[in-house]
1. Select from segment 156-171 the residues that are assigned to a strand (DSSP E or B) and of a type outside the set (Val, Ile, Thr) and write down the one among them that is surrounded by the most Cβ atoms within 10 Å (Cβ to Cβ).
2. Hey, could you check segment 95-112 for residues that are of a type in the set (A, V, I, L, M) and out of contact with any Leu (no Cβ under 7 Å at 6 or more places or on another chain) and say which is modelled with the lowest pLDDT?
3. Looking for whichever is touching a strand residue (DSSP E or B) at 6+ places or on another chain (Cβ under 9 Å), farther than 30 Å from Ser90 by Cβ and modelled with pLDDT of 90 or more here; the options are Asp185, Asp179. Which one fits?
4. Which one of these does Val47 not meet: (1) of a type in the set (Val, Ile, Thr); (2) closer than 17 Å to Ser195 by Cβ; (3) assigned to a strand (DSSP E or B)?
5. Would you be able to tell me the number of residues in segment 76-94 that are surrounded by fewer than 17 Cβ atoms within 10 Å (Cβ to Cβ) and either farther than 25 Å from Lys178 by Cβ or without any contact (Cβ under 8 Å) to a residue 40 or more places away in the chain (or both)?
6. Every residue in segment 75-111 that is assigned to a strand (DSSP E or B) and charged (D, E, K, R), please.
Amino acid sequence: MIMRIATLTACMLLPLSTAQIAKAEPPVSDMPPPDTGVVASAPPGIVTTPDGWTLTVVASNETQLPVAPLTTAVSSREYLVGGTFAGAVSGEGSTTLKGGTLEAGYQVGCGIELGQVRLIGSAGIGTSGSSLTGGLIPTGVTFPLSGTIEIHAKPGTVSTVTVNKKEFKKAPVRVTIKDTHIKVDGCVGQSFLRSYATLTSSTEDTDDIVAYYGVTKSV
């Protein structure tokens, strides 16, 4: 995908009266409330294993707040995230449990990824003057410049950021995340964020896995 942005050489400003500007501003009561970062959690992930164990992974108290990236780049996205992720193994299975792991993190999606950026331009020399017998006497010299910015955009990508992977010998197990920064670079389109957690329960000969995926938030 190639996007070209032509340079703007001139513009005209039209005066607006104070009354027009005041009319364009929405009433304070109609303005949306500030984003507190609170995100609703999705339903838990539940699975019953072939040997009779029930695996459950759930999330609560999730927050995802967009913040300004430290790089100040327009192609960077950064979130301040938090939440509690818990896993449990219950039931009367026919095998002996040996423990497992609970992994928690986030998936960041970018609608359009920034590729190569090039400046394409040209320069020339022009003269102006008076025509006399025998030729042109130059009285002025100009250097015309023209150019465009060419952006090569790539299809969007999804990055998985693992925040913590907790090993356990006996469930229930829990991972709590608070005020953790998640960042992605090179994103010129809309970005998307969702939490995830995977619970792995092990026996001597088997591994059973159930996953949780949170509600997707976009910026």
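1. Looking at the filtered set, the residue picked out is Phe168.
2. The selected residue is Ile112.
3. Asp179
4. Here Val47 meets the rest and fails (2).
5. 4
6. Within segment 75-111, Arg77, Glu78, Lys98, Glu103 meet the criteria.
The values are calculated or read from the model by the stated rules, or taken from the named source; none is laboratory data. Computed from a predicted structure; not experimentally measured. Note: ideal-geometry Cβ built from the backbone for every residue, glycine included; neighbour counts use all protein chains shown.
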